[in-house]
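The values are calculated or read from the model by the stated rules, or taken from the named source; none is laboratory data. The structure presented is a predicted model; accordingly, all values stated were derived computationally and were not measured. Backbone-built Cβ (ideal geometry, glycine too); neighbour counts: all protein chains shown.
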Amino acid sequence: MLPPEITIAAGALFAVLAMMLAELRRSRINERLLRERGAVEPAGDVYRTMAVVYPIIFVAMATEGALTGPARDAVLVTGFIIFVAAKLLKLWAISALGPRWSYRVLVLPEVPLVSAGPYAHLRHPNYLAVFGEIAGFALMVGAHVTGVISLLAFAVLVRKRIAVEEKALRYT
């Protein structure tokens, strides 16, 4: 039988990577459909970097958690609740965008912005959700060091990404 820290870290990592693959599949389908409708991808995006960094962040946090031991029960449960809430926000954002959602910044010229769902309240709910996923996962697996580093690293990427999105959305 595996120690609990390894079981928790491996199980959480497996679940997160499976969700990422499902999102990637949906993103690729939507990307194809968006391009067929004339969507354009602005220059300067950090998509490729994010596509590499995002899964690595979770592997690093799971590794730290497996090596340092499990989070206390209350912290684990809090992390799980944060992660689930973040995932629900992300799914709500994806649902609101429908076939316009993808990992890439793809803009349909002269199509109004989505203002339904979480977009009625937040400009970039998907990124808030991603920060919640990272923070929740870090708490779940007890990855205090890599959790903080991951949040900071992803903040740098998201800041650049939002600048690209905002510039592109001004032309819709």
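Overview of results
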| quantity | calculated |
| --- | --- |
| Checklist (1) more than 22 Å from residue 151 (Cβ to Cβ); (2) over 20 Å from the mean Cα position of the chain (by Cα) applied to residue 70, failing item | (1) |
| Failed item, numbered, when residue 74 is tested on (1) among the aliphatic types (A, V, I, L, M); (2) assigned to a helix (DSSP H, G or I); (3) at pLDDT 95 or above | (3) |
| In segment 21-43, the residues that are surrounded by 13 or more Cβ atoms within 10 Å (Cβ to Cβ) and within 22 Å of residue 131 (Cβ to Cβ) | 23, 24, 26, 27 |
| Residue check for residue 93: out of contact with any Asp or Glu (no Cβ under 9 Å at 6 or more places or on another chain), in a loop (DSSP other than H, G, I, E, B) and either modelled with pLDDT of 95 or more or not β-branched (Val, Ile, Thr) (or both) | no |
| Filter result for the condition that a residue is surrounded by 14 or more Cβ atoms within 10 Å (Cβ to Cβ) and among the hydrophobic types (A, V, I, L, M, F, W, C), over 156, 145, 164 | 164 |
| Unique residue being closer than 30 Å to residue 71 by Cα and not charged (D, E, K, R) when the list is 148, 105, 111 | 148 |
| Of all residues in segment 74-111 being in contact (Cβ under 8 Å) with a residue 60 or more places away in the chain and over 18 Å from residue 33 (Cβ atoms), the one that is surrounded by the most Cβ atoms within 10 Å (Cβ to Cβ) | 79 |
| Selection from segment 1-52 of residues that are polar (S, T, N, Q) and either within 18 Å of the chain's Cα centre (by Cα) or assigned to a loop (DSSP other than H, G, I, E, B) (or both) | 27, 30, 49 |
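Residue-by-condition table, conditions (1) in a helix (DSSP H, G or I); (2) more than 18 Å from residue 47 (Cβ to Cβ); (3) modelled with pLDDT of 95 or more; (4) more than 17 Å from the chain's Cα centre (by Cα):
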position: 61; (1), (2), (3), (4): yes, yes, yes, no
position: 66; (1), (2), (3), (4): yes, yes, no, yes
position: 78; (1), (2), (3), (4): yes, yes, yes, yes
position: 85; (1), (2), (3), (4): yes, yes, yes, no
position: 123; (1), (2), (3), (4): no, yes, no, no
position: 130; (1), (2), (3), (4): yes, no, yes, no
position: 136; (1), (2), (3), (4): yes, yes, yes, no
position: 158; (1), (2), (3), (4): yes, no, yes, no
